[in-house]
Structures are given as C-alpha cells and as structure tokens.
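Notes for the one structure printed next.
Any read-out appearing in this document is the output of simple, stated calculations on the displayed coordinates, not a laboratory observation. Nothing here was measured: the structure is a model prediction, and the numbers come from that model. Note: ideal-geometry Cβ built from the backbone for every residue, glycine included; neighbour counts use all protein chains shown.
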Amino acid sequence: FNILVLNGPNLNMLGKREPEIYGSLSLATIMDELTDIAQNHNINLSHLQSNAEHILIDKVHQSFEQVDFIIINPAALTHSSIALRDALLAVNIPFIEVHLTNVHAREAFRQHSYFSDIAQAVICGCGKNGYRYALDAATDWLNNTQG
Ligand code: DQA
C-alpha cells in the first residue's frame with residue numbers, strides 16, 4: 001500500500017516552534033520514525049511538508065489513483081482551507097486528520113475544522129504519537145481489519 005503523509009504550514013518549525021506546546025522533536029525525526037514503522041508493515045510511506053497551500057493541493061491531485069490513504073496535519077489550513085478540503089474530496093482518497101495538540105482545548109478559532117466531517121478519523125492531542133496511531137489505523141483500514 002501507498003500512504004502519503006502531508007504536513008501544512010509552520011510544521012517545518014517543529015522542535016523550535018513553541019516547544020512547550022508542540023514538543024521538542026523536529027518534523028524530520030518524527031517522519032523518519034514513521035517511515036521505519038511503515039517499512040516494517042510493508043507500507044510505502046512518502047511525506048511532504050509545505051507552507052504553501054497550492055503545493056499541498058497539487059500533491060493531493062498527483063495522488064489520484066496513486067495513493068491508497070492520506071494522513072494529514074493541515075496545521076492552520078485546518079481552520080481556513082476550503083480549497084484543500086475540496087482537493088481531498090476531488091481525489092476521493094480516505095484520510096485521517098492529525099493534530100499534535102488538542103485543538104478543542106485551545107483558542108475558539110481552532111475548534112472548527114474544514115476536514116473533520118469528511119475524514120475517516122481525527123486524532124488530536126497525542127503529540128507526535130498521533131501520526132503513529134493514524135498509520136496503525138490506516139493500515140488496519142487498508143487490510144480491511146478495522147472493526
Ligand atoms: C496543529 C493545530 C493548528 O491549530 C495549528 O495551526 C497548527 C498545528 C497541531 O498539530 O496541533 O499549526 O495542526
């Protein structure tokens with residue numbers, strides 16, 4: 001199976017960015033760990049981080065009929081991007097929405113997501129482990145073993 005991990009704006013700053021909120025690990029460290037886990041499950045995992053909405057949208061379009069599942073942390077685009085939402089609907093690839101933080105326990109503007117109602121699942125507040133839980137759930141879904 002092919003799984004794509006997408007990370008939105010400012011997540012390239014993980015480790016440096018508000019570490020008391022987002023943790024001290026870099027995105028590269030988190031993605032390397034995830035890639036290792038995927039390899040052990042015979043999953044081909046690719047990942048892309050971008051600060052530009054159109055690059056994420058283009059990547060979603062390119063994934064049409066190429067990618068079986070998407071794990072996405074849209075970051076601030078969660079709360080603003082109808083365009084990225086529409087891209088995911090356009091390619092019809094199932095996805096899990098991940099947030100490092102519990103967005104529901106934060107500012108009011110973080111409590112609306114343009115993705116949650118069309119996601120297979122939403123994982124938030126588990127820090128970097130959220131990506132691993134999403135990979136685990138995605139693998140189960142692809143193997144038709146999701147309960
Ligand atoms: C985030 C939460 C968003 O509200 C925020 O804009 C981010 C990161 C998270 O992973 O907790 O950039 O998606």
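Using a 10 Å cut-off around each Cβ, can you sort Met13, Met31 from fewest to most neighbouring Cβ atoms?
Numbers: Met13 14, Met31 20.
Final ranking by Cβ density, sparse to dense: Met13, Met31.
In nm, what is the difference between 0.36 nm times the number of residues separating Asn40 and Asp136 and their Cα-Cα distance?
Working: separation 96, 0.36 × 96 = 34.56 nm, distance 1.17 nm.
Extending this stretch completely gives an extra 33.4 nm.
Where does the chain land on the Kirkwood hydrodynamic radius, alpha-carbon pairs, in angstrom? Show your work: numbers first, answer last.
Working: mean 1/r = 0.0657 Å⁻¹.
Value: 15.2 Å, from the Cα pair sum.
At 7 Å along Cα-to-Cβ for each site, give me the label-to-label distance between Val91 and Ala28 in nm.
Spacing of the two 7 Å Cα→Cβ label points: 2.5 nm.
For the charge dipole of the chain, defined by +1 on Lys and Arg C-beta atoms and -1 on Asp and Glu C-beta atoms about the Cα centroid, which residue among Ser81, Ile118, Asn10 has the Cα displaced farthest towards the positive pole?
So the residue furthest toward the plus end is Asn10.
What size of dipole, in debye to the nearest 20, comes out for segment 18-126 about its Cα centre when the only charges are +1 on Lys and Arg C-beta atoms and -1 on Asp and Glu C-beta atoms? Write down the numbers at each step before the final one.
On the way: 4 positive and 13 negative charges, 40 e Å.
Charge dipole of segment 18-126: 200 debye, to the nearest 20.
In what sequence do Ser81, Ser116 fall when counting other Cβ within 10 Å, fewest first? All intermediate terms of the calculation are to be shown ahead of the outcome.
Working: Ser81 20, Ser116 13.
Placing the least packed residue first, the sequence is Ser116, Ser81.
Using alpha-carbon positions, what is the distance between the centroids of segment 115-137 and segment 82-102, in Å?
11
Quick one: if you stick a label point 7 Å off each Cα along the C-beta vector at Gln62 and Ala108, how many nm between them?
The answer from the label model is 4.0 nm.
Which FRET efficiency value, to the nearest 0.05, do you get for Ile118 and Glu18 by plugging their Cβ-Cβ distance into 1/(1 + (r/R0)^6) with R0 = 30 Å? Let's see the in-between values first.
Details: r = 28 Å, r/R0 = 0.94.
For R0 = 30 Å, the calculated efficiency reads 0.60.
Which Cα, out of Ile55, Ile72, Ser26, lies furthest along the positive dipole direction of the chain (beta carbon charges, K/R +1, D/E -1)?
Ser26
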